[in-house]
Structures are given as structure tokens and as C-alpha cells.
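The values are calculated or read from the model by the stated rules, or taken from the named source; none is laboratory data. Source: prediction; values computed, not measured. Cβ: placed from backbone, ideal geometry, glycine included. Neighbour counts: every protein chain shown. The area values use the complete protein model at the heavy-atom level, side chains included, leaving out ligands, DNA and RNA. Shrake-Rupley method; radii C 1.70, N 1.55, O 1.52, S 1.80 Å.
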Amino acid sequence: MKQLTQKEVEKNLARMSAWMTNKSSTVIEKAFNTNSFLDGLALIAKIAVHAELMNHHPAIELTYTNVIVRLTTHDVAGLTKLDFELAKRIDAIHA
């Protein structure tokens, strides 16, 4: 798996809604609002299924009704196609 260039990261982000990157373009992050704490847990469970299938595991933070998902590929210390593929799946889950 190869790390994406800055241009590739920007191109992928332009096609996505509300995902943001850090200054060094090594992580993408998005906050999802849910209706309740249990809805947040349910979203995390759905994300976990896709993460397991892809063998690509995000950092996830749950605070009451807010779920924050952070994606990076640790093996390359940056972003890869895998991060954006999982981000698209997560967006589809939450739609």
C-alpha cells in the first residue's frame, strides 16, 4: 500500500462531504451527529463491521451523540486509498 501524495489527498477530499485532513495530510477525520448515545453506539457497530471486512481499523471517539472517526494507514504513516474507501463506506452507512 502506497501513501497518497498531497494532490491525491486533496482530489479525494474534494469528492467527499465534511471530511477534513490534518496539516500534514496524514489523517482524515469526520464528526457524525446521532440522535442518542445508543444511536452513536449503533453507528460504531456498523463501522466496525466494514473495518473488520477491510482489515482497516479507524480511531473512533463517542461523546454522547457525537461520533468522531479518524482514519490513517499506520503502515505508511499517512493516507492511502484504503482510508478513503472506508470513509466512503462510513458515509454510506450514516446516510
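Out of all the residues in segment 62-76, is one or more open to solvent by 30 Å² or more (accessible area, probe 1.4 Å) and touching a residue at least 60 places away in the same chain (Cβ under 8 Å)?
yes
Just checking, how many residues over segment 41-95 are within 14 Å of the chain's Cα centre (by Cα), β-branched (Val, Ile, Thr) and in a loop (DSSP other than H, G, I, E, B)?
Qualifying residue count, segment 41-95: 2.
Hey, ASP83 hits all of (1) in contact with a His (Cβ under 9 Å, 6 or more places away or on another chain); (2) surrounded by fewer than 16 Cβ atoms within 10 Å (Cβ to Cβ); (3) among the acidic types (Asp, Glu) but one; which does it fall short on?
(2)
Please work out if HIS56 is within 22 Å of ARG15 (Cα to Cα), modelled with pLDDT under 95 and open to solvent by less than 80 Å² (accessible area, probe 1.4 Å).
Answer is no for this residue.
Quick one: in segment 23-40, of everything that is within 13 Å of the chain's Cα centre (by Cα) and free of Cβ contacts under 8 Å to residues at least 60 places away in the same chain, which residue is least open to solvent (accessible area, probe 1.4 Å)?
Within segment 23-40, the match that is least open to solvent (accessible area, probe 1.4 Å) is ILE28.
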